[in-house]
Amino acid sequence: MVIILDYGLGNLRSLQTALEGQGIKAKISNDPEEISSATAIFLPGVGAFRDASNALWDSGLAELLRKRSGEGVYIIGICLGMQLLYDKSFENGEYEGLGLIPGEIVKLVEMPKIPHMGWNNLTIEKEDPLTKYTSTGDFVYFVHSYYAKSSGDEILAYTEYGEKIPAVVRKGNIIGFQFHPEKSSEVGALLLKALGEIIL
Amino acid sequence: MLTRRIIPCLDVRDGRVVKGKKFQNIVDVEDPEVLGEFYSKAGADELVFYDITATNEARKISLEFIEKVASKINIPFCVGGGVNSIDDFTEILRKGADKVSVNSAAVKTPELITLASLKYGAQCVVLSMDVKKVDSGKWRVYVNGGRVDTGLDALEWAIEGVRLGAGELVVNSIDADGMKEGYDLELLKAITSRVGVPVIASGGAGKLDDFAKAVIEADVDGVLAASVFHYKEIEIKELKEYLKSKGIEVRL
């Protein structure tokens, strides 16, 4: 069973609809039993890192996600959900992430406009089944003010906004999209299609 | 490279898209999800829906269009009109919109911007302002569909709105709206040079070059228009190709 984790933040319906369009039937849930038997877990999220981090750690879902990821279950973070996969974030303080990918979430600086909001193009950095239908130059929809700073080992594709922003990341069974594939028209749909071929 | 956005704007009343001039002579156009899907497929980068339903009771029903739109399109969309409280933000986002725009209520209760920004993030809080020129280089903010002068200076309000937490500004020129004689470039330039968030130009687009001027001369991040798209006077693909030929980055 594929789960979209409902921890009280954001709109999950768009993601569910987009996944369904690619043949991925996902259930919106926060039930520990269902999460314990899931084969893939989507971690969505909009809003503040602090709220999301607190919601995950206070509810015990964070521990459960860490346990499931260790068992090889696919954990797929989207937007803020991707940022939560890293060690910690410096968004208005310092908050703990899930620690599934080494790195920190820091603010975009030295750009005239923040948030980085709109359509930006991807550069493919590393070949992977996840990006098999995606090409350098494809546009996807970003909305964020912070980004992942890491060794870069996990980057499959990046975009540029003042600096190199990890856009599609993967560390084994841990996958993240900084942009919104469910809002990225045909390019996003093809990424979700490739994702379906990996996780199903 | 971040592209400039082309944003068709749809006014919704009682669940139907309508169009008028200078907020008057309103006529029925189409179902929101039908037009939404049409624009999404035509290459629009984003959509804005303003609900202009007259009463709060009727708006509750009218807003059901959001779920239908969310299930039909895979590009971001913003919903505004009659947004008065944090509960309105919650309801609209929960129904599937990506952003909420606030106008009159933000003038009355500026804290609403901060509250929404802290709760949902600045990226989904859009401050929409209806602006009228009062003197050379002077503009004032109007509310209630352009009928009431707030006395607020438009440039000061733009800066204050961003300080309070708005992640984007939609600047609608009441003078230019529906006239198809071009955006108010002087106003837009004055605002883009003063704020550090994306600015969307609204009101006045009539021909291809109006859009290009807003980007090149006023450095706006997005261009919004309604009637030229609804009545198919300008096709989005044609517009994007034109902008590209002028050296403007677009998603094609």
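The values are calculated or read from the model by the stated rules, or taken from the named source; none is laboratory data. What you see is a predicted model, and the numbers here were worked out from it, not measured in a lab. Ideal geometry is used to build each Cβ from the backbone, glycine not excepted, and the neighbour counts take in all protein chains shown. Each accessible area value is taken on the protein alone, full model and side chains, heavy atoms only, with ligands, DNA and RNA left out. Shrake-Rupley method; radii C 1.70, N 1.55, O 1.52, S 1.80 Å.
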Residues of the stretch B:189-218 being more than 15 Å from B:Gly161 (Cβ to Cβ), open to solvent by less than 20 Å² (accessible area, probe 1.4 Å) and part of a helix (DSSP H, G or I), in sequence order, are B:Asp210, B:Phe211, B:Ala212, B:Ala214, B:Val215
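Residues checked against (1) away from chain A (no Cβ under 11 Å); (2) assigned to a helix (DSSP H, G or I); (3) more than 22 Å from B:Val143 (Cβ to Cβ); (4) among the polar types (S, T, N, Q):
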site	(1), (2), (3), (4)
B:Leu35	yes, yes, yes, no
B:Ala54	yes, no, no, no
B:Ala58	yes, yes, no, no
B:Ile61	yes, yes, yes, no
B:Glu67	no, yes, yes, no
B:Asp88	yes, yes, no, no
B:Val107	yes, yes, no, no
B:Ile113	yes, yes, no, no
From the list B:Gly96, B:Gly121, B:Gly43, B:Gly81, which one is in contact (Cβ under 8 Å) with a residue 60 or more places away in the chain, of a type outside the set (Ser, Thr, Tyr) and within 13 Å of chain A (Cβ to nearest Cβ)?
B:Gly43
Can you tell me which of A:Lys126, A:Lys88 is among the basic types (Lys, Arg) and assigned to a strand (DSSP E or B)?
A:Lys88
For the stretch A:154-200, enumerate the residues that are under 15 Å from the mean Cα position of the chain (by Cα) and charged (D, E, K, R).
A:Glu154, A:Arg170, A:Lys171, A:Glu182, A:Lys183
Conditions (1) in a strand (DSSP E or B); (2) within 19 Å of A:Ile155 (Cα to Cα); number of the one not met by A:Ile41
(2)
Among residues of the stretch A:55-73, those that are over 19 Å from A:Gly172 (Cβ atoms), without any contact (Cβ under 8 Å) to a residue 40 or more places away in the chain and open to solvent by 60 Å² or more (accessible area, probe 1.4 Å), counted:
3
Identify, please: which residue in the stretch B:131-146 is over 21 Å from B:Leu112 (Cα atoms) and in contact (Cβ under 8 Å) with a residue 12 or more places away in the chain and is, among those, surrounded by the most Cβ atoms within 10 Å (Cβ to Cβ)?
B:Trp139
Does A:Glu110 fit the bill of being among the acidic types (Asp, Glu), within 14 Å of chain B (Cβ to nearest Cβ) and surrounded by 20 or more Cβ atoms within 10 Å (Cβ to Cβ)?
no
Scanning the stretch B:148-178 residue by residue, those open to solvent by 10 Å² or more (accessible area, probe 1.4 Å), in contact (Cβ under 8 Å) with a residue 24 or more places away in the chain and of a type in the set (D, E, K, R) turn out to be B:Glu160, B:Asp175, B:Asp177
Out of curiosity, is A:Ile105 of a type in the set (A, V, I, L, M, F, W, C) and part of a strand (DSSP E or B)?
yes
Here is a list: A:Ile78, A:Ile28. Which entry is aliphatic (A, V, I, L, M), open to solvent by 10 Å² or more (accessible area, probe 1.4 Å) and closer than 29 Å to A:His116 by Cα?
A:Ile28
Out of all the residues in the stretch A:78-106, which are over 18 Å from A:Val169 (Cα atoms) and within 12 Å of chain B (Cβ to nearest Cβ)?
A:Glu91, A:Asn92
Residue count, the stretch B:146-178, condition in a loop (DSSP other than H, G, I, E, B) and closer than 21 Å to B:Gly204 by Cβ, comes to 7
Tally, over the stretch A:156-192, of residues that are under 18 Å from A:Leu98 (Cα atoms), among the hydrophobic types (A, V, I, L, M, F, W, C) and either out of contact with any Gly (no Cβ under 6 Å at 6 or more places or on another chain) or part of a loop (DSSP other than H, G, I, E, B) (or both):
4
Restricting the stretch B:186-214 to residues that are β-branched (Val, Ile, Thr) and in contact with a helix residue (DSSP H, G or I) (Cβ under 7 Å, 6 or more places away or on another chain), the residue that is farthest from B:Val134 (Cα to Cα):
B:Val197
In the stretch A:145-164, the residues that are surrounded by 24 or more Cβ atoms within 10 Å (Cβ to Cβ) and closer than 18 Å to A:Phe49 by Cα:
A:Tyr147, A:Ala148
Restricting the stretch A:165-200 to residues that are surrounded by fewer than 18 Cβ atoms within 10 Å (Cβ to Cβ) and among the acidic types (Asp, Glu), the residue that is farthest from the other protein chains (Cβ to nearest Cβ):
A:Glu197
From the set of residues in the stretch B:225-252 that are among the aromatic types (Phe, Trp, Tyr) and surrounded by 14 or more Cβ atoms within 10 Å (Cβ to Cβ), which is nearest to B:Leu35 (Cα to Cα)?
B:Phe229
Could you grab me the full set of residues in the stretch A:113-123 that are within 11 Å of chain B (Cβ to nearest Cβ), touching a residue at least 24 places away in the same chain (Cβ under 8 Å) and part of a loop (DSSP other than H, G, I, E, B)?
A:Ile114, A:Pro115
